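Here is the structure we will look at.
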C-alpha cells in the first residue's frame, strides 16, 4: 500500500506546523498583563518608535505550536538513544521538581549572603561529592559545559606555569582520537596543538607520547576512558612521564560515567578534569544544553581556580567573588557570570543523593555491562574496531559493509525507521566509518535486545546485496526524510524574513 | 535502585553472553593500585521522599524573592513566567533530546531554534543570530574574540557601564589570547568619554544598554566613530525586556549584539543557567561562534531545518574553529522563545511599558527621600541612587526586615570607596504598588 496524499500535508499523528511568523494575528497576545500606571517616561531619546515584527498568537495556539514541534523530536523519554560520547541516560523528574523549589529557583545571585545560605550549601554539597568521588583537592564550579571546563583546566595550567617561570611552555599534546573541543580549547587558551597517534589497540602510544614530551609542552589532554571506548591502561605511566617533563596531565572527563565510584582519578596522577554534570549526573541535555562542567583540580592547580568560590565559615558559608582578594589571591579571574550553572547543580545533587555512592558504582557497572553486551551480541554481524572488553561504549568500524554499497550513514538512517536514535557516526576519526554506541545503565535488557535485533537485521540486509537502494532512501518513516545539508550551507537561510513592509510605525499595543 | 532496570539474573545472563565471570572482570584495564585505594565516604541510595526532604530543608534556608518585596537587578531580573512556558519546556521530547545532529528526527528542536534566531535578530535589530551561548558574560567575551578575528587587531576598549561580570569574563578570556582589554572605571554618572579613547589598535568598543548603572545612552555617534577607526561596536544587553521599549542596538549601528536572555527565560535560579544571545550582521557570518540552524528541504521537497555552517565549529575545524563551544543553552533558549511567542509584539511592548512604569513609580518616591539622589537621568527598569549612607549596610538592614532592597555597587567594586553609597534599584511587573511603599517606608527609617 502506498501512503495517501492528504490535503493538509499531515500524516495522521505526524502534523505539519508552520513557523510562528506564519501564524501572526496582529495585536494578539498569549499573555495578559496588569494595567500600566500612567507615568512620564524617562527613556529619553532612546524611546522606540518602530515595530519589532514579532508575531501575535493566543495561548492555546502557542501551546499547540510547541506541542506539535515537540512531537517531531526523538528523545530519551521516547526511546533508546545510544549516542556515543553523549551519555544519554534517563533524566529523573525528581531533579526537575527540586530545581523548581522556590528556595532554589526564585533566588537572585546578588541577595545578601545571609539570605542565600542554602544556595551556598547546595554548591558546597555538589563540590563535596565531586571531590570525594575523584579524590581531588579542589573543584572550580563555574564552568558552564564540558568545553568550558576544559578551558578552565588549561587556564589553571597556564597560570601555574607562568607563576613557576614556565611561561615558555606553549604547546598542548592531544591524541588524534580526541573530541574536537580539546584542540579548539587549547587554541582558545593561546596554545599550539600537537597530535599524538594511537596504537593499533586504540590507545595512546606511550612511546610516541614520550617522544613528543619536551620543555615546550605545557600539558597533555587525554580522554579516559578514551573515545574508542577503552580505558587508557598506561595512564599512570603517562602521568609520570608528563610530570617528569614538567607538564600537567589534563584528563577529559566526558566519559567519566564508565568509572564513577570505581576509582579516584587523583590516584591516576591527574592534575585537572572536567565533569559533565549533564552526562554522568543525569541533568537533561535539553536539545543542546544547558550543561555544567565543574573542573576538579590537584593541589598544584587549585590556587589558580576561577572565582566565584564558596567558602565555609564556621557553621555557615560565604562566597569569594573577586580574583586577587581573600582566598582567591592567585585566581586567574572569572569565566562566567554569577555563580555557575546553579540550576544544573541542584539537579545533579538530587541525582547524587538518590543514587548514593553504592548506586553510582552499580551505575558504572551496568553502563559497562550494557556496552559489553552490545559489543558481544553485535559482533555476530558487525565488525568491532577493537578487542574488548570495552568500557561504557562500543565502537564498530565499517568493514562489515565492505562491497555492499551501504555506508555507515545509511545504516544510521535505516535505524531511524526502526525507531531508534542512531549511534554517533564517523567518530572517533581514527576508526573508519565508525559507529560509536553508548547504551548507558538506564536501559533494560529488553531494550538492548530490541536494538540488537534491529541492527543485526539491517547488517544482514546490507550484506545480502539486494537492498542498497532501500538503504539510500532511508529514512522513509520519520517526520522528514534526508535533508539537503549542502543546500542549507551554500545559501544560508538563518531566519524568517517578512515578505513585505513590516517595519511600520509602532502601533498602540492592545 | 529505581533508575537501574537490570535485575541480578539478567546481569548474569548478559555476562554469560559476553563470556565474563563478573562485572569486575570488565574493569580489568583499570590500574589495580587505583582500584585498591578507592574508598568513598558517601551516603547510600536514598528514596525519592528522602531526597526531597533533604533538599527542601536546604532550599528553605534561602529567602526567596517571592517571599519578600524584591528590587534586585544588576544583570539578573525577576519576571513573571507564564505557566504554559514552563510546561512546554518540560515536555520530554524537548527536555531529554540531545543536540539535533540527526535532523530527520529533531525537526522540533531545529524549528524552535530557527524561530529563536529570528526573534533574537528582530529584537536586537540585527540581521542574524546564533542558536545561543552559555550566558551573556561568555557571549561578550566571544564577541570581543570575534571582533579581533574580523579586524585582525588585538585590543579592546570596554566601557565603565558594562556589567562587571561581563567585563571580568572578557578580560580573563582575552588575556590568555594576549588581547589587551582596556576597561574604563565604573561610570555611575554616565559621563565617560569613549570616543576620545578609540585608537587604531582597537578591534572593538564594548558598551551596554541599558548601562550597568541604568543609563540609556544613544550610541549612534559612537558607532560612527568606531567605524571610522576601523573598529566594531559591541553592545551588551543584560535586560532584554528593555528591547520592547527602546531603540534596538542594531538600529544605531551596532556590529555585534550580545546579551543575557534569562529575564525572559524563566527563574533567576541564583544566576544560572542563563542563555547567551548573540546577533550580528550577515557579512560577519563566517566568523560567528556557536551553532546555527538553517532552512533547507528534504528528499521529498518539504521544508525542513538542519544545523549548518558547522565548518566554523570545533567538531569539524578543531584548533581552527571560531570557538570551542559545543553544549550551549538550548533549553533556556527554548524557554526564551516560548515566552516571546506567548507575548508577541503587543505583549512584549506592553511588558516593557509596564516595567518602565513601575520603575518610574519607584524612582518618583525614592528621589523624594532626604539625602537620596538618582544618578540615572534616563533608565528602563533599573536605576542607580546615591544614598547618604553605605549601601551595603542599608541592604543588610532591609534584609533583616525581609525586604530585598537592591544591590549595592560595592559588591562589584570593593576597591572604589566613591561607590560605597551607590545602590542599584530595579522594579518589574512582579512588584506591586504596596511593595514599593514597603521599600520606601523602610528605606526612610533605615536612612534616618
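The values are calculated or read from the model by the stated rules, or taken from the named source; none is laboratory data. On a predicted model such as this, the values are computed, not experimentally measured, just so you know. Please note: Cβ atoms are built from the backbone with ideal geometry, for glycine as well, and neighbour counts cover all protein chains shown.
A few comments on the model shown:
Conditions (1) surrounded by fewer than 24 Cβ atoms within 10 Å (Cβ to Cβ); (2) free of Cβ contacts under 8 Å to residues at least 60 places away in the same chain; (3) within 21 Å of residue A:392 (Cα to Cα), marked per residue:
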position: A:143; (1), (2), (3): no, no, no
position: A:159; (1), (2), (3): yes, no, no
position: A:163; (1), (2), (3): yes, no, no
position: A:166; (1), (2), (3): yes, no, no
position: A:188; (1), (2), (3): no, yes, no
position: A:192; (1), (2), (3): yes, yes, no
position: A:196; (1), (2), (3): yes, yes, no
position: A:211; (1), (2), (3): yes, yes, no
position: A:217; (1), (2), (3): yes, yes, no
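- Only residues that are farther than 29 Å from residue B:90 by Cα, more than 7 Å from chain A (Cβ to nearest Cβ) and assigned to a loop (DSSP other than H, G, I, E, B) were counted in the stretch B:311-322, giving 1.
- Boolean, residue A:305 is at negative phi, in contact (Cβ under 8 Å) with a residue 12 or more places away in the chain and surrounded by fewer than 24 Cβ atoms within 10 Å (Cβ to Cβ): no
- Within the stretch A:186-197, the set of residues being outside any loop (DSSP other than H, G, I, E, B) and in contact with a strand residue (DSSP E or B) (Cβ under 8 Å, 6 or more places away or on another chain) comprises A:186, A:187, A:192, A:193, A:194, A:195, A:196.
- Filter pass, residue B:234 being more than 14 Å from every other protein chain (Cβ to nearest Cβ) and closer than 22 Å to residue B:329 by Cα: yes
- Residue count for the stretch B:102-126, restricted to those that are within 8 Å of another protein chain (Cβ to nearest Cβ), touching a residue at least 60 places away in the same chain (Cβ under 8 Å) and more than 20 Å from the chain's Cα centre (by Cα): 5
- From the options A:127, A:119, residue that is buried (at least 22 other Cβ atoms within 10 Å of the Cβ), under 20 Å from residue A:340 (Cα atoms) and in contact (Cβ under 8 Å) with a residue 12 or more places away in the chain: A:119
- Any hit, the stretch B:289-299, residues being farther than 27 Å from residue A:62 by Cα, facing chain A (nearest Cβ under 8 Å) and either at pLDDT 95 or above or touching a helix residue (DSSP H, G or I) at 6+ places or on another chain (Cβ under 7 Å) (or both): yes
- Subset of the stretch B:178-197 [touching a helix residue (DSSP H, G or I) at 6+ places or on another chain (Cβ under 7 Å) and either outside the structural domain of residue B:231 (by TED's automatic domain parsing) or in a loop (DSSP other than H, G, I, E, B) (or both)]: B:179, B:186, B:188, B:194
- Unmet requirement for residue A:424, which otherwise passes all of (1) more than 21 Å from residue B:25 (Cβ to Cβ); (2) out of contact with any strand residue (DSSP E or B) (no Cβ under 6 Å at 6 or more places or on another chain); (3) within 13 Å of chain B (Cβ to nearest Cβ): (2)
- Restricting B:95, B:157 to those that are in contact (Cβ under 8 Å) with a residue 12 or more places away in the chain and within 30 Å of residue A:481 (Cβ to Cβ) reduces the list to B:95.
- Out of B:13, B:52, B:93, sole residue that is over 30 Å from the mean Cα position of the chain (by Cα) and assigned to a helix (DSSP H, G or I): B:13
- When we screen A:266, A:299 for residues that are over 24 Å from the mean Cα position of the chain (by Cα), surrounded by fewer than 24 Cβ atoms within 10 Å (Cβ to Cβ), modelled with pLDDT of 95 or more and outside any strand (DSSP E or B), the only hit is A:299.
- Residue within the stretch A:81-96 that is free of Cβ contacts under 8 Å to residues at least 24 places away in the same chain, assigned to a helix (DSSP H, G or I) and more than 30 Å from residue B:377 (Cα to Cα) present: yes
- Considering each residue of the stretch B:222-244 in turn, at least one proves to be over 22 Å from residue B:142 (Cβ atoms), crowded, with 24+ Cβ neighbours inside 10 Å and not assigned by TED's automatic domain parsing to the domain that holds residue B:76.
- Residue in the stretch A:311-331 that is in contact with a helix residue (DSSP H, G or I) (Cβ under 8 Å, 6 or more places away or on another chain), buried (at least 24 other Cβ atoms within 10 Å of the Cβ) and either more than 10 Å from chain B (Cβ to nearest Cβ) or over 20 Å from residue A:135 (Cβ atoms) (or both) present: yes
- Total residues in the stretch B:327-361, condition more than 18 Å from residue B:246 (Cβ to Cβ), surrounded by 24 or more Cβ atoms within 10 Å (Cβ to Cβ) and either facing chain A (nearest Cβ under 7 Å) or touching a strand residue (DSSP E or B) at 6+ places or on another chain (Cβ under 7 Å) (or both): 11
Per-residue answers, yes or no, for (1) modelled with pLDDT of 95 or more; (2) crowded, with 18+ Cβ neighbours inside 10 Å; (3) not in a helix (DSSP H, G or I):
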{"residue": "A:392", "(1), (2), (3)": "yes, yes, yes"}
{"residue": "A:404", "(1), (2), (3)": "yes, yes, yes"}
{"residue": "A:411", "(1), (2), (3)": "yes, yes, no"}
{"residue": "A:415", "(1), (2), (3)": "yes, yes, no"}
{"residue": "A:446", "(1), (2), (3)": "yes, no, no"}
{"residue": "A:453", "(1), (2), (3)": "yes, no, no"}
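- With respect to the conditions (1) in contact (Cβ under 8 Å) with a residue 40 or more places away in the chain; (2) touching a strand residue (DSSP E or B) at 6+ places or on another chain (Cβ under 8 Å); (3) surrounded by fewer than 22 Cβ atoms within 10 Å (Cβ to Cβ), residue B:277 lacks only one, and its number is (3).
- Once the stretch A:427-444 is narrowed to residues that are surrounded by 17 or more Cβ atoms within 10 Å (Cβ to Cβ), in a loop (DSSP other than H, G, I, E, B) and within 13 Å of chain B (Cβ to nearest Cβ), the residue that is farthest from the chain's Cα centre (by Cα) is A:443.
- From the options A:268, A:301, A:369, residue that is in contact with a helix residue (DSSP H, G or I) (Cβ under 8 Å, 6 or more places away or on another chain) and more than 8 Å from chain B (Cβ to nearest Cβ): A:301
- Scanning the stretch A:102-128 for residues that are in a helix (DSSP H, G or I), at the interface with chain B (Cβ under 7 Å from one of its Cβ atoms) and touching a helix residue (DSSP H, G or I) at 6+ places or on another chain (Cβ under 8 Å) turns up A:102, A:103, A:104, A:105, A:114, A:115, A:118, A:119, A:121, A:122.
- Check on residue B:377, within 13 Å of chain A (Cβ to nearest Cβ), in contact with a helix residue (DSSP H, G or I) (Cβ under 9 Å, 6 or more places away or on another chain) and not in a loop (DSSP other than H, G, I, E, B): no
- In the stretch A:450-489, the residues that are over 25 Å from residue A:80 (Cα atoms) and within 14 Å of chain B (Cβ to nearest Cβ): A:469, A:484, A:485, A:486, A:487, A:488, A:489
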